[in-house]
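Just below is one structure, and these are the notes that go with it.
Read-outs throughout are calculated quantities, based only on the coordinates presented, and are distinct from any laboratory measurement. The shown structure was predicted, so the numbers you read here are calculated from the model rather than taken from an experiment.
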Amino acid sequence: MFRLTALPRAAVPRAAVHARTFIASAAQAKTLTDSVKETADKVNKTVGQKLAGALDSAETASEKAKEATVGTTQEARHKAAELRGKAESKGEVLKEKGAEAAKTAEQKAEEAKRELKK
């Protein structure tokens with residue numbers, strides 16, 4: 001069933017035959033460069049999160065200011081229209097009083113003329 005065949009020596013790589021050599025020095029967990037990279041990455045992420053929060057806050061404040069401005073603008077327009085109406089009505093009243101004063105002045109001027117002619 002199974003046939004056993006010896007592999008020729010050339011088929012086995014030479015590195016596989018030799019055992020690994022023993023390394024006497026301890027492996028370092030992180031190098032200084034890796035530590036600096038990790039710290040810089042943490043700082044970058046923290047600053048990014050804070051800036052994103054600040055941008056969200058600024059956007060919210062901007063929206064609230066727009067809403068307040070729209071409300072204030074509409075109130076100002078309404079108040080201006082109301083004051084315009086009041087001014088027009090006062091103008092008409094003053095115009096009528098002016099016309100009455102002019103008639104009275106004319107009447108007095110004519111009375112004065114009549115008295116001078118006498």
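One table, with the values for the structure above:
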| item | result |
| --- | --- |
| Aspartates and glutamates whose Cα lies under 17 Å from that of residue 108, excluding same-chain neighbours fewer than 8 positions away | 100 |
| Convex hull volume per residue for the range 56-97, taking Cα atoms only, in Å³ | 33 |
